[in-house]
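The values are calculated or read from the model by the stated rules, or taken from the named source; none is laboratory data. Everything quoted here is computed from the prediction, not taken from an experiment. Cβ sites come from the backbone with ideal geometry, for glycine too, and all protein chains shown count toward neighbours. Side chains are part of the model used for accessible areas, which takes the heavy atoms of the whole protein and leaves out ligands, DNA and RNA. Shrake-Rupley method; radii C 1.70, N 1.55, O 1.52, S 1.80 Å.
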Amino acid sequence: QLQASGGGLVQTGGSLRLSCVASGSTASRNAIAWYRQAPGKQRELVALIDMYTNTEYVDSVKGRFAISRDNAKNTVYLQMNSLKPEDTAIYYCNDLQRALKGQGWGQGTLVTVSS
């Protein structure tokens with residue numbers, strides 16, 4: 001199970017760092033992804049990182065967000081800079097394979113960007 005935290009209220013142009021703590025020793029061997037769901041919209045994949053620290057991002061966050069992992073702490077981070085109101089959403093982290101099966105969704109953490 002993965003637990004996301006670090007959300008909050010921030011002004012446009014501000015920054016936040018989200019954390020995703022994984023339980024279990026297998027977490028460090030899995031690809032982990034951050035997703036977000038804005039009000040009235042479908043959940044979308046924002047960023048992912050595999051066990052080799054290869055990363056991918058949705059176009060709308062490239063150059064502003066950075067995903068990283070600390071395997072010793074079983075934690076994946078999402079550094080979000082230059083935040084925009086359209087980044088407002090509930091952010092979730094999940095094991096990529098479980099996410100594709102519709103499993104493992106936790107409560108997420110709310111990010112609100114004010115204009």
| message | Need the C-alpha centroid separation for the stretch 27-68 versus the stretch 71-86, integer Å. | response | 9
| note | Note on the chain: contact order normalised by length, alpha-carbon pairs under 8 Å, 6 or more apart, percent, works out to 37
| note | Length gained if GLN79 through VAL58 is fully extended, taking 0.36 nm per residue and subtracting the Cα-Cα distance, is 6.1 nm
| query | Using +1 on the beta carbon of Lys and Arg, -1 on that of Asp and Glu, and nothing else charged, what's the dipole of the chain about the Cα centre, debye to 20? | reply | 120
| said: Considering only protein heavy atoms and a probe of 1.4 Å, how much of the accessible area of the chain is carbon and sulfur, as a whole percent? | reply: 47
| remark: Contour minus Cα-Cα span, ALA72 to GLN97, at 0.36 nm per residue, comes to 6.9 nm
| Helix-derived mean residue ellipticity, 222 nm - over the chain, DSSP H n ≥ 4, -39500 (n - 2.57), to 500 | -1000 deg cm²/dmol
| field | DSSP-defined beta bridges in the chain - what % are antiparallel, rounded to 5 | value | 90
| message | Under 25 Å between alpha carbons: how many lysine pairs meet that in the chain, if sequence neighbours fewer than 8 apart on the same chain are excluded? | response | 4
| query | Listed highest first by mean packing, meaning other Cβ atoms within 10 Å per residue, what order do 6-18, 51-63, 73-85 come in? | reply | 73-85, 6-18, 51-63
| remark: Along the stretch 90-107, Karplus-curve 3J(HN,Hα) (6.51, -1.76, 1.60; θ = phi - 60°) to the nearest Hz, with x for Gly and Pro, reads 8, 9, 10, 10, 7, 4, 4, 5, 5, 4, 5, 8, x, 10, x, 7, x, 7
